[in-house]
Amino acid sequence: MTNEADRSPEAPPFWSELKLPSLLYTEGVQKLHAAIESEWDPLLRSACQTAAGRALWKHVTNDMLAELLAGETQLTRFYQKIQKDCFNQAREVSGVILAVRTLWFDSKLEAAVSLLNNQEVLQVVLLGAGMDTRAYRLNCLSNSHVFEVDFPQVLQMKASLLQEATVPRVEQQVMEMKAKMLSRVEADIRGHDWLEKLKTSGFVPEKNTVWILEGILYYLSSCDAIHVLKTIAAYSTLTKTVVLADFMNKPSTMLSNSTFQFYCDWPDELLPSLGFSDVKLSQIGDPDAQFGLLNDPLNMFNKLRTIPRSVDVDPENGTPCCRLYLVQATGSPSRTS
């Protein structure tokens, strides 16, 4: 019998019907999500949009808390996009980039934990954590202290939603922490005090650390993005460090004129200039960044991989070459910036 996770995600039954958990219709959860929809700006709501994508691709992301954190409105909107793609027999279903990105970060984080873990507790810092649930779903974090850094209203809302999941109800999955420790750090990484707040929450610069910057850098100004990367690079001279980040190229930021700011066409050159070493870059569709989700050989991601990175416009059809780079870099006390 074929395992459901091994089947093509572009076909039924995954998206034949949107089935939402009963927890979303409880009074407490509905009030919290109503506040999100009425009070949060687009930047803050992007955390719930990301959770919706992970929820609807949970047959590969295994994110069982994502539905709760996304909410009915965002789940319905994302589902409608997927249904439209399936109806039109699109080569790339909405959310596939998000699913691949999630799996890439998960796999690289697991490898980094295996590399850096020793007798001491490993530190894992998620900048712009949003509605991330890795502390609850990745077994590899059992000897890790996870720090989630984000705006106060995001982390407070996340904590309130997760609290609703702990209320005893019939036929409800028990929420279990996988990480050894979890600290939520209320800070705006666009400011210059987030590192001090991180230290106050228990972060020790001299301990081995994995930094995760998933879906965050392009929301920052160029100045703020470089400052964040330089800050991490400076501390990589104190201890073994792994940085996992994704970068948009310039055409990608044009997709949302009001939201995306920072871009980098050559992150594998930028990071060494800041002090990182052993930089490895992947594009969606590369052997380590497709996870069996891009089976159509004519999908746009495979085509992009055949076009030189210096080219911004597809020479065949004139469409922008929108790229997302997945980058892993390391640092150690033996290398100075």
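Looking at ALA52, is it at pLDDT 95 or above, surrounded by fewer than 17 Cβ atoms within 10 Å (Cβ to Cβ) and of a type outside the set (Lys, Arg)?
Numbers: at pLDDT 95 or above: yes; surrounded by fewer than 17 Cβ atoms within 10 Å (Cβ to Cβ): no; of a type outside the set (Lys, Arg): yes.
Against the criterion (at pLDDT 95 or above, surrounded by fewer than 17 Cβ atoms within 10 Å (Cβ to Cβ) and of a type outside the set (Lys, Arg)), ALA52 does not qualify.
Condition (residue is at positive phi and within 22 Å of the chain's Cα centre (by Cα)) applied to the range 299-316: is it met by at least one residue?
No, every residue in the range 299-316 fails to be at positive phi and within 22 Å of the chain's Cα centre (by Cα).
(1) out of contact with any strand residue (DSSP E or B) (no Cβ under 7 Å at 6 or more places or on another chain); (2) crowded, with 16+ Cβ neighbours inside 10 Å: which one isn't true of PRO315, the others all being true?
Among (1) out of contact with any strand residue (DSSP E or B) (no Cβ under 7 Å at 6 or more places or on another chain); (2) crowded, with 16+ Cβ neighbours inside 10 Å, the lone unmet condition for PRO315 is (2).
Any idea how many residues of the range 78-121 are in contact with a helix residue (DSSP H, G or I) (Cβ under 7 Å, 6 or more places away or on another chain), charged (D, E, K, R) and part of a helix (DSSP H, G or I)?
Total satisfying the criteria: 1.
Would you check which residues across the range 107-138 are of a type outside the set (D, E, K, R), surrounded by fewer than 19 Cβ atoms within 10 Å (Cβ to Cβ) and over 21 Å from GLN328 (Cα atoms) and list them? Break it down into steps so the answer makes sense when it comes.
Let us first name the residues in the range 107-138 that are of a type outside the set (D, E, K, R), namely 107, 109, 111-119, 121-131, 133, 135-136, 138.
Filter again for surrounded by fewer than 19 Cβ atoms within 10 Å (Cβ to Cβ), leaving 107, 111, 114-115, 117-119, 121.
Answer for the range 107-138, where residues must be of a type outside the set (D, E, K, R), surrounded by fewer than 19 Cβ atoms within 10 Å (Cβ to Cβ) and over 21 Å from GLN328 (Cα atoms): GLN119, VAL121.
Scanning the range 315-337 for residues that are at pLDDT 90 or above and in a loop (DSSP other than H, G, I, E, B), which turns out farthest from CYS264 (Cα to Cα)?
Looking at the filtered set, the residue picked out is CYS321.
Does the range 158-173 contain at least one residue that is touching a strand residue (DSSP E or B) at 6+ places or on another chain (Cβ under 9 Å) and among the aliphatic types (A, V, I, L, M)?
Of the residues in the range 158-173, the ones touching a strand residue (DSSP E or B) at 6+ places or on another chain (Cβ under 9 Å) are 158-159.
Subsequent filtering for residues that are among the aliphatic types (A, V, I, L, M) retains 159.
Scanning the range 158-173, I find at least one residue that is touching a strand residue (DSSP E or B) at 6+ places or on another chain (Cβ under 9 Å) and among the aliphatic types (A, V, I, L, M), so the answer is yes.
Answer yes or no: is there a residue in the range 62-77 that is touching a Gly at 6+ places or on another chain (Cβ under 7 Å) and on the phi > 0 side of the Ramachandran plot.
In the first step, residues of the range 62-77 are kept if they are touching a Gly at 6+ places or on another chain (Cβ under 7 Å); the result is none.
Checking the range 62-77: not a single residue is touching a Gly at 6+ places or on another chain (Cβ under 7 Å) and on the phi > 0 side of the Ramachandran plot.
The values are calculated or read from the model by the stated rules, or taken from the named source; none is laboratory data. Fair warning: this is a prediction, and the values are worked out from it, not measured in the lab. Cβ coordinates were reconstructed from backbone atoms using ideal geometry, including for glycine residues, and neighbour counts include every protein chain displayed.
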